[in-house]
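The next block holds one structure in the form of structure tokens; read it before the comments.
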Amino acid sequence: MSDYKYKRVLLKLSGEALMGSRSFGIDPDIPQRIADELKPAYEAGVQIGVVIGGGNIFRGISGAAAGMDRAQGDNMGMLATVINSLALQDTFEHNGMECRVMSAIEMHQVSETYIRRRAIRHLEKGIIPIFAAGTGNPFFTTDTAAALRACEINAEVLMKATKVDGIYDSDPVKNPDAVKFDTISYREVLKRNLNVMDSTATALCQDNHMPIMVFNLDGDGIFDRALRGEDVGSTVVDE
Ligand code: UDP
């Protein structure tokens, strides 16, 4: 444990990451890869909270684009995050990693309800809380849920796993000359409208001095290295 720089973190995983090579839903290999990434730190006693998105199943904004009421679509999106959380829970438990799904929308039969003090108690006991159903409110994203939960549990850092290996000044997939930032300020992220997290999530982190680390969770122990304080990906910090 003493080798780790961070003792309590919040990891945000996008729902899309669960698709792997599929175009929809969950590739069963991916939750296992995530468990493999988390297990060394879990076993060493690092306290890890997880937020997972739902974009592999449903996004409220796509529903709205197709004529659906936005709040109704967002409720569907939040339920999608619960499905992903249950999938992660199943895999974590198969790997001997104790965890609890804590939903922001009450559904006693399938998960605990999110209660901040209980979540902190889980963390202290070495149990991974998987925060499901986003913030429980439409018009938000799971990035904002991750920022909120990170602040609520007093995480030292919010770690966001993305498809790219950090924050670039333009989309590195489209622009081969895109430049990667090692560190960047919240203000700069907001001013340049960089695709790190949505502006609500970024502003919440800024107001609460919550550092955001962005990296690609691609299976080479990067999560563990990030926890040990290695410079991986990009970090958003105060100026
Ligand atoms: N959502 C919501 N409120 C929240 C979090 C999520 O309404 O607090 C809905 C919203 O429709 C969103 C969907 O859940 O599109 C899935 O979350 P998100 O798009 O953030 O997932 P990700 O992009 O991380 O897969």
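None of the figures in this text is laboratory data; all of them are computed from the coordinates on show. Since the model is a prediction, treat every value here as computed from it, not as a measurement. Methodologically, a virtual Cβ is constructed for each residue, glycine included, from the backbone with ideal geometry; neighbour enumeration extends over all protein chains shown.
See the values below:
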read-out	value
Qualifying GluC sites (Glu not before Pro) for segment 91-120 [loop in DSSP, other Cβ within 10 Å: at most 16]	Glu98, Glu106
Distance in nm between pseudo-label sites at Asp90 and Arg228 (7 Å out along the Cβ direction from Cα)	3.3
Relative compactness, the chain, computed as alpha-carbon Rg over 2.2 N^0.38 Å	0.95
Extension reserve of the Arg118-Asp69 stretch, reckoned as 0.36 nm per residue once the Cα distance is removed	14.3 nm
For segment 8-19, Karplus couplings with θ = phi - 60° (6.51, -1.76, 1.60), whole Hz, Gly/Pro x	9, 9, 10, 9, 9, 10, 7, x, 4, 4, 5, 6
Two-decimal Rg/Rh across segment 48-160, once Rg and the Kirkwood Rh are taken from alpha-carbon atoms	0.98
Segment Asp177-His108, extension gain: residue separation times 0.36 nm, minus the distance between their alpha carbons	19.8 nm
Inter-site label distance for Ser2 and Ile61 at 7 Å from Cα along Cβ, in nm	4.7
